[in-house]
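Worksheet: the structure to be examined is printed underneath.
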Amino acid sequence: MGPALAAASTASALTAAALEGTPYDLVVSAGIGGGFLPEARVGSLVVADEIVAADLGAETDDGFVSVTELGFGSVRHQPPADLVRLVGDAVGAPTGAVLTVSTVTGTAERAAALRERHPTALAEAMEGFGVAEAAAVHGVPVLEVRAISNPVGPRDRAAWRIPDALAALTEGFGKLVPVLESWNRHDQ
Ligand SMILES: O=C(O)c1cccc(C(=O)CC[C@H]2O[C@@H](n3cnc4c(=O)[nH]cnc43)[C@H](O)[C@@H]2O)c1
């Protein structure tokens with residue numbers, strides 16, 4: 001779990017496939033995540049139109065400043081817009097930013113701060129940006145799909161619905177596969 005392991009694992013898999021002469025055409029980061037209400041309810045799916053490293057930066061007297069604003073690189077990746085639309089339509093999911101965090105949000109204040117900074121955010125999880133960084137290094141497009149297991153907000157383990165989220169993800173993948181198989185990145 002987490003962006004570092006996700007990046008290392010993805011980079012290893014992409015490198016091995018390339019060395020074997022069977023490179024990947026697309027990387028999909030998928031799993032459970034926290035949903036920002038009211039758009040992303042527990043048990044629903046979301047598709048990322050942006051994958052954003054939401055806590056990669058510095059705390060300052062003026063609040064959080066991202067590494068991009070500090071001049072150190074990018075905190076966002078954009079999956080192919082046509083693929084995001086096709087997948088969102090196929091699985092009946094809204095599209096919006098999915099935030100990658102290293103610390104799970106556990107308070108209403110933190111949830112509100114994230115939404116204020118990222119008004120299009122639908123969900124947060126812990127791997128997408130790491131996966132996207134590895135994919136970008138290899139020049140491979142990336143997609144992120146999250147099934148909502150809990151609301152983003154005050155910590156409440158009793159409210160987690162991991163089986164429901166995994167069932168939604170499984171059902172979504174059944175509809176996703178034909179879209180992925182027919183998608184051609186060069187049609188973008
Ligand atoms: O004990 C806790 O309070 C706690 C809170 C959030 C997540 C965990 C985990 O052990 C699972 C992390 C795992 O699941 C994804 N995930 C699911 N919901 C969220 C969330 O609200 N914020 C961030 N990540 C979430 C994440 O991608 C990890 O793979 C324990």
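Throughout, read-outs are computed from the coordinates displayed, never taken from laboratory work. Quantities reported herein were computed from a predicted structural model and do not represent experimental measurements. Here the Cβ positions follow ideal geometry from the backbone for every residue, glycine too, while neighbour counts run over all protein chains shown.
For the stretch 23-45, enumerate the residues that are farther than 20 Å from E133 by Cα and of a type in the set (V, I, T).
From the stretch 23-45, those farther than 20 Å from E133 by Cα are 34-45; that's our starting set.
Matches in the stretch 23-45: V42 only.
Every test in (1) in contact (Cβ under 8 Å) with a residue 12 or more places away in the chain; (2) under 19 Å from G43 (Cα atoms) is passed by T170 save one, and that test is (1).
Considering only residues that are within 16 Å of the ligand (Cβ to nearest atom), of a type in the set (G, A, S) and either in contact with a Lys or Arg (Cβ under 7 Å, 6 or more places away or on another chain) or closer than 30 Å to W183 by Cβ (or both), which ones fall in the stretch 75-133? Scanning the stretch 75-133 gives G96, A97, G106, A121, A123, A125, G128, G130, A132.
For the stretch 63-83: of the residues being over 14 Å from the mean Cα position of the chain (by Cα) and assigned to a strand (DSSP E or B), which is nearest to G128 (Cα to Cα)?
Filtering the stretch 63-83 for residues that are over 14 Å from the mean Cα position of the chain (by Cα) and assigned to a strand (DSSP E or B), the one nearest to G128 (Cα to Cα) comes out as S66.
Having 1 or more residues that are within 30 Å of E109 (Cβ to Cβ), free of Cβ contacts under 8 Å to residues at least 24 places away in the same chain and not hydrophobic (A, V, I, L, M, F, W, C) is the bar; report the strands (runs of 3 or more DSSP E) wholly within the stretch 1-62 that clear it.
On the way: elements: 27-35, 45-53, 57-60.
The qualifying strands (runs of 3 or more DSSP E) are 57-60.
Annotation: L56 fulfils all but one of (1) more than 26 Å from G96 (Cβ to Cβ); (2) surrounded by 15 or more Cβ atoms within 10 Å (Cβ to Cβ); the unmet one is (1). When A132, A90, A112, A108 are screened for being among the aliphatic types (A, V, I, L, M) and in contact with a strand residue (DSSP E or B) (Cβ under 9 Å, 6 or more places away or on another chain), only A132 passes.
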